[in-house]
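Written out below as structure tokens is the structure these notes cover.
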Amino acid sequence: MPQSFKSRRTFVKASVAAGAAIALPGLAQAQAFPAKPIRLICPWPAGGSTDAVMRSLAESASKSLGQQIIIDNKPGAGGMLGANELVNAKPDGYTLSQLPHGVFRIPHMQKTQFDPLKDFTWIVCLTGYTFGMVVPADSPIKSVKDLVDFAKANPEKFTYGSTGTGTSPHLAVEEFAQRAGIKLTHVPFKGNADNMQAILGGHTMAASDATGWGPHVESGKLRLIVTYGSKRTKRWPNVPTLDELGYKTVSDSPFGVCGPKGMDPAVTQRLHDAFKKTLDDPAVLATFEKYDQSVIYLNTADYTKFARDTFASEKAVIERLGLAAKT
């Protein structure tokens with residue numbers, strides 16, 4: 001065999017080997033992932049509806065990944081504490097968080113530690129909330145019309161709780177109030193559990209929240225007067241939406257699982273696949289149904305695009321409501 005041909009063949013083999021060696025660390029990391037438990041931040045209190053849903057998703061995804069996913073509750077700051085932690089977390093896939101809809105709007109309202117378009121990996125979107133307003137069963141407010149009439153006669157006297165300033169349950173009511181020409185008094189809480197304690201204890205006149213109020217409505221302690229989706233819920237078909245009542249307010253807040261920026265694409269894909277598989281798990285779907293949540297699936301690319309589009313649209317809403325940060 002000619003020496004020149006041998007040399008070329010040896011060079012090609014060496015090049016292939018070198019290329020494989022360069023690729024192997026990333027490949028090996030993805031294949032080995034996860035090698036230890038994963039921390040999934042739930043930025044809401046334990047015992048609330050989001051906590052229940054996140055625990056169900058974590059338990060199901062753990063089976064696919066072969067490692068435990070541990071829920072770490074970090075309530076407060078309108079659900080922003082998970083986002084704040086991701087900014088400083090290693091992008092190794094072992095620190096994840098639910099990022100609520102507030103991450104798209106609060107940066108327009110005040111200075112934040114994060115930029116939603118630069119600081120996160122939007123791994124997978126899985127579901128979304130059903131929001132609504134409830135009042136005590138013995139309240140004289142039996143409809144949205146009653147609420148509007150009371151608020152017009154008693155400006156700022158009607159108190160309602162939400163899961164925090166800038167959250168979807170807060171902003172939806174503020175948008176409705178603006179369109180109705182009324183002024184209400186907002187009382188922010190750390191999450192659903194605190195919000196429910198306040199209304200059940202008679203400390204607020206209403207609660208705007210996700211369907212953690214469902215059991216209390218079914219038990220007869222609370223009355224659901226309106227929901228905020230684009231259509232009526234399957235579970236409470238007789239309750240109207242704000243949109244159909246003419247207030248042009250729709251809110252459902254899709255969410256899923258996110259990580260820090262700069263994650264290895266192979267690790268991101270591994271997590272995406274594991275959480276996507278949870279949407280076929282009867283136990284997860286039963287939890288969704290319990291809180292009247294539907295499957296809203298977006299892959300990594302589509303979830304990233306959703307984040308970009310929503311950040312822009314929320315800016316317009318915040319400006320219209322007069323809540324934009326003063327510059």
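State the antiparallel share, in %, of DSSP beta bridges confined to the range 131-247, rounding to the nearest 5. Just about 55 percent of them are antiparallel.
For volume of the Cα convex hull per residue in Å³, the candidate list reads [x] 168; [y] 156; [z] 134; the entry that matches the value derived from this model is [y].
With each label modelled as a point 7 angstrom along the Cα→C-beta vector, the Leu117-Lys248 pair spans 2.5 nm. Distant-in-sequence amide contacts of Val226, defined by a placed amide H-H separation under 5 Å and a gap of 5 or more residues or a different chain, comprise Met133. Under the simplified labelling scheme, the Lys261-Gln197 pair shows an inter-label distance of 3.7 nm, with each label point 7 Å from Cα along Cα→Cβ. Using a cutoff of 8 angstrom between alpha carbon atoms and counting only pairs six or more residues apart, the relative contact order for the chain works out to 26 percent.
When the helices of the chain are scored as -39500 (n - 2.57) per DSSP H run of n ≥ 4 and the total is divided over every residue, the value at 222 nm lands at -14000 deg cm²/dmol. Rounded to whole numbers, the Karplus 3J(HN,Hα) couplings from phi for the range 89-102 are 7, 5, x, 9, x, 9, 10, 10, 7, 6, 10, x, 4, x Hz, using 6.51 cos²θ - 1.76 cosθ + 1.60 with θ = phi - 60°, and x at Gly and Pro. In the chain, the longest principal axis of the Cα atoms and the axis of helix 144-153 are about 60 degrees apart.
Apply the a/c threshold of 1.5 to the C-alpha gyration tensor of the range 131-247 and tell me whether it is rounded, prolate or oblate. Taking the square roots of the gyration eigenvalues as a ≥ b ≥ c, the range 131-247 is rounded. For Ser294, the residues whose amide H sits under 5 Å from its own are Gly128, ignoring neighbours fewer than 5 places away on the same chain, with H placed 1.01 Å from N. How high is the relative contact order of the range 131-247? Use alpha-carbon pairs under 8 Å, at least six apart in sequence, and give a whole percent. Normalised by residue count, the contact order of the range 131-247 is 36 percent. For Ile41, the residues whose modelled amide H falls within less than 5 Å of its own, excluding neighbours fewer than 5 places apart on the same chain, are Asp72, Leu96, Ser97, Gln98.
In plain terms, the residue of Val239, Val226 with the fewest other Cβ atoms within 10 Å comes first and the most crowded comes last, giving Val239, Val226. Pairs exceeding 21 Å between alpha-carbon atoms, taken from Lys142/Lys221; Lys190/Lys261; Lys183/Lys290; Lys74/Lys277; Lys261/Lys305: Lys190/Lys261; Lys183/Lys290; Lys74/Lys277. For the range 282-289, 3J(HN,Hα) computed residue by residue from phi via the Karplus equation (6.51, -1.76, 1.60; θ = phi - 60°) reads x, 5, 5, 5, 5, 5, 4, 5 Hz, glycine and proline entered as x. Loop-located GluC sites (Glu not before Pro) in the range 126-222 (DSSP state other than H, G, I, E, B) with a sparse environment of at most 11 neighbouring Cβ atoms within 10 Å: Glu156.
We did not get these values from a lab; they are worked out from the coordinates using the rules stated. Bear in mind that the values here come from a model prediction, so they are computed numbers and not experimental data. Using ideal geometry, Cβ is built from the backbone for each residue, glycine included, and neighbour counts are taken over all protein chains shown.
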